[in-house]
Structures are given as C-alpha cells and as structure tokens.
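Data first, discussion second: the structure below is written as structure tokens.
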Amino acid sequence: MKSVFFVILIVAVFQSGCAYAPAGIAPSTTPIDANEITVLGHASGEMSYFSLVGLIPFGKPDYNLAIADAIEKFDGGTAMINVRTRSEITWIVVGLIHRLVVEGDVVK
C-alpha cells in the first residue's frame with residue numbers, strides 16, 4: 001500500500017510545473033500626449049483563471065482586467081506607459097492555472 005501511495009505521489013510531483021512566456025511590449029495602454037502626463041509610479045497587475053485538464057476553461061484571458069488592476073493601485077491613474085506583459089502557466093495534476101501579468105508606469 002505504501003508503494004502505491006509513493007508512486008502516485010511521484011507521478012503527481014512530475015505532473016506539476018510551470019512555464020513563462022513574454023507576451024509583448026507596448027509604449028502605452030491608450031493614446032496619450034507625452035507633454036501632458038505625470039508618472040505616478042511603477043505597478044503591476046494580474047488576472048488568472050483555471051482550466052480543467054487544460055481543456056475546459058473557467059474564465060477567459062483578459063488583459064484589460066490586468067491593466068485595470070495595475071492602474072487602480074494609484075489614485076488618479078488613467079493609463080500605463082512602458083508596458084510589458086507576460087503569461088505564466090502552472091501545471092497541477094487536475095489542470096492548468098493561467099496567469100496574465102502586466103507591468104509598467106502608471107500615469108495621469
């Protein structure tokens with residue numbers, strides 16, 4: 001019985017993991033006039049969702065939610081500049097956790 005449990009544990013450990021992929025770089029999230037902005041600070045935002053066995057998603061990828069998450073960390077923030085995005089996937093035994101991350105400078 002102990003050997004069966006040990007084999008299941010080893011399989012579960014080897015079936016888990018993660019991946020990282022840069023998704024893109026953009027100058028800003030919205031068109032802005034460079035002469036009329038104030039940089040409030042650097043922020044990152046994220047959004048994540050789960051997919052069962054990697055095939056049945058419970059949510060959808062939405063970079064707008066990740067951008068809103070970053071902007072709301074500064075009062076008065078309206079957009080982001082120097083934007084970098086990445087996608088991270090974590091494998092677990094029953095599915096995948098997808099995470100979208102947006103980083104950049106929040107401006108008003």
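Brief remarks on what is shown
- Candidate set from segment 27-61 (those that are touching a Lys or Arg at 6+ places or on another chain (Cβ under 6 Å) and of a type in the set (Ser, Thr, Tyr)); member that is farthest from residue 95 (Cα to Cα): 38
- Which numbered condition residue 87 fails, given (1) surrounded by fewer than 16 Cβ atoms within 10 Å (Cβ to Cβ); (2) among the polar types (S, T, N, Q); (3) at pLDDT 85 or above: (1)
- Candidate set from segment 42-58 (those that are exposed (fewer than 12 other Cβ atoms within 10 Å of the Cβ) and in contact with a strand residue (DSSP E or B) (Cβ under 6 Å, 6 or more places away or on another chain)); member that is nearest to residue 103 (Cα to Cα): 58
- Test: residue in segment 65-84 that is more than 10 Å from residue 46 (Cβ to Cβ), surrounded by fewer than 18 Cβ atoms within 10 Å (Cβ to Cβ), under 16 Å from the mean Cα position of the chain (by Cα) and touching a residue at least 60 places away in the same chain (Cβ under 8 Å): yes
The values are calculated or read from the model by the stated rules, or taken from the named source; none is laboratory data. Owing to the predicted nature of the structure, the values given are computational and were not obtained by experimental measurement. Because the Cβ atoms are built from the backbone with ideal geometry, glycine has one as well, and the counts that use them run over all protein chains shown.
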